[in-house]
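I have placed the structure first, in the form of structure tokens, so that the comments after it can refer back to it.
The values are calculated or read from the model by the stated rules, or taken from the named source; none is laboratory data. Just so we're clear, the structure is a prediction, and the values are computed from it rather than from any experiment. Every residue, glycine as well, gets a Cβ built from its backbone with ideal geometry; the counts of neighbours run over all protein chains shown.
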Amino acid sequence: MGLDDKLGNAGQDAAGKAKEAAGKATDDERLEAEGKGDQVSADVKKAGENIKDAFKH
């Protein structure tokens, strides 16, 4: 994975955390769940990157 992919995943994770926090602050369960989902998606992508990086070396 390239640097662009890693930065994109980090951005998705940060956006997910922001959505989750906004959802908690406004009692919007849908927004909170959406933020958690974004974070999980970013974590899965990061895990895939780590596996690919492990096979490069």
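Out of all the residues in the stretch 40-47, is one or more on the phi > 0 side of the Ramachandran plot and either over 8 Å from the mean Cα position of the chain (by Cα) or at pLDDT below 95 (or both)? Full working, then the answer.
Step one: filter the stretch 40-47 for residues on the phi > 0 side of the Ramachandran plot, giving none.
The answer is no; no qualifying residue exists.
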Practice item. Taking residue 42 as the residue in question, decide whether it is of a type outside the set (Phe, Trp, Tyr) and free of Cβ contacts under 8 Å to residues at least 12 places away in the same chain. Key: no
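Among the residues that make up the stretch 19-29, is at least one of them touching a helix residue (DSSP H, G or I) at 6+ places or on another chain (Cβ under 8 Å), in a loop (DSSP other than H, G, I, E, B), charged (D, E, K, R) and surrounded by 11 or more Cβ atoms within 10 Å (Cβ to Cβ)?
Taking the stretch 19-29 as the starting set, the residues that turn out to be touching a helix residue (DSSP H, G or I) at 6+ places or on another chain (Cβ under 8 Å) are 19-24, 28-29.
From what is left, the residues that are in a loop (DSSP other than H, G, I, E, B) are 28.
Filter again for charged (D, E, K, R), leaving 28.
After this cut, where a residue has to be surrounded by 11 or more Cβ atoms within 10 Å (Cβ to Cβ) as well, the list is 28.
Looking through the stretch 19-29, at least one residue is touching a helix residue (DSSP H, G or I) at 6+ places or on another chain (Cβ under 8 Å), in a loop (DSSP other than H, G, I, E, B), charged (D, E, K, R) and surrounded by 11 or more Cβ atoms within 10 Å (Cβ to Cβ).
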Exercise for review: Kindly indicate whether any position in the stretch 11-26 is among the aliphatic types (A, V, I, L, M) and in contact (Cβ under 8 Å) with a residue 24 or more places away in the chain.
Suggested key: no
